[in-house]
Each structure stands twice: as structure tokens, then as C-alpha cells.
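Each value in this text was obtained by applying a stated rule to the coordinates, not by laboratory testing. Model, not experiment: these values are computed from the prediction. Don't worry about glycine lacking a Cβ; one is built from the backbone with ideal geometry, like all the others, and counts go over all protein chains shown.
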Amino acid sequence: MTTEAITQHNNPLHGKTLEAILTALLDHYGWNGLAERIPVNCFRNDPSIRSSLKFLRKTPWARDKVETLYLSLPAAPGR
């Protein structure tokens, strides 16, 4: 087994798309709850999945916050 394979095996986000992660967070918190936890404009002003994905793909620190919040969900899928 390669180092990369071992790393991915231990990665709880492996196989999860950013869209699936964002959708799970929206189902749990809604846009307002998500904006309270991660205060970025794409969650506050006229939010949409499409605009949020575009922003998160270009902004690593925001994506990290979204992924961390996802992993903290009480019943995060795949955990």
C-alpha cells in the first residue's frame, strides 16, 4: 500500500465532493446557521449552492472551515 493510499484511507473526507459536504451542512444548519458559523458573503448575501461552490473552490481557508464544520456534525455521513 502506498503512502498516498494510506493517507486517503485515513481521510474521513475521501470520496466526498464539496457539493455533498455543503448540501449536508445546509440540510443541518440552513443558510442562516451556516453564515453564523462561517461568516462569508456567499452564505449571507443571496446564497446559492453554485455561488458558494465557486467561492469555496477558490478560497482554501473557507473550504477548510466548511470541511471542519462538516466533520463536527453529530452524524456526519461516513463517520
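Values computed for the structure shown
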{"quantity": "In nm, spacing of pseudo-spin labels at Leu53 and Leu13 (7 Å Cα→C-beta vector)", "calculated": "1.6 nm"}
{"quantity": "Distant alpha-carbon pairs in region 17-71 (separation over 16 angstrom), percent", "calculated": "26 percent"}
{"quantity": "Proximal charge balance of Ser48 [Cβ under 15 Å; K/R count +1, D/E count -1]", "calculated": "+2"}
{"quantity": "Region 13-79, dipole about Cα centre (Lys/Arg Cβ +1, Asp/Glu Cβ -1), debye to the nearest 20", "calculated": "200 debye"}
{"quantity": "Furthest towards positive pole of dipole, Val66, Leu53, Gly30, structure part region 17-71, Cβ charges", "calculated": "Leu53"}
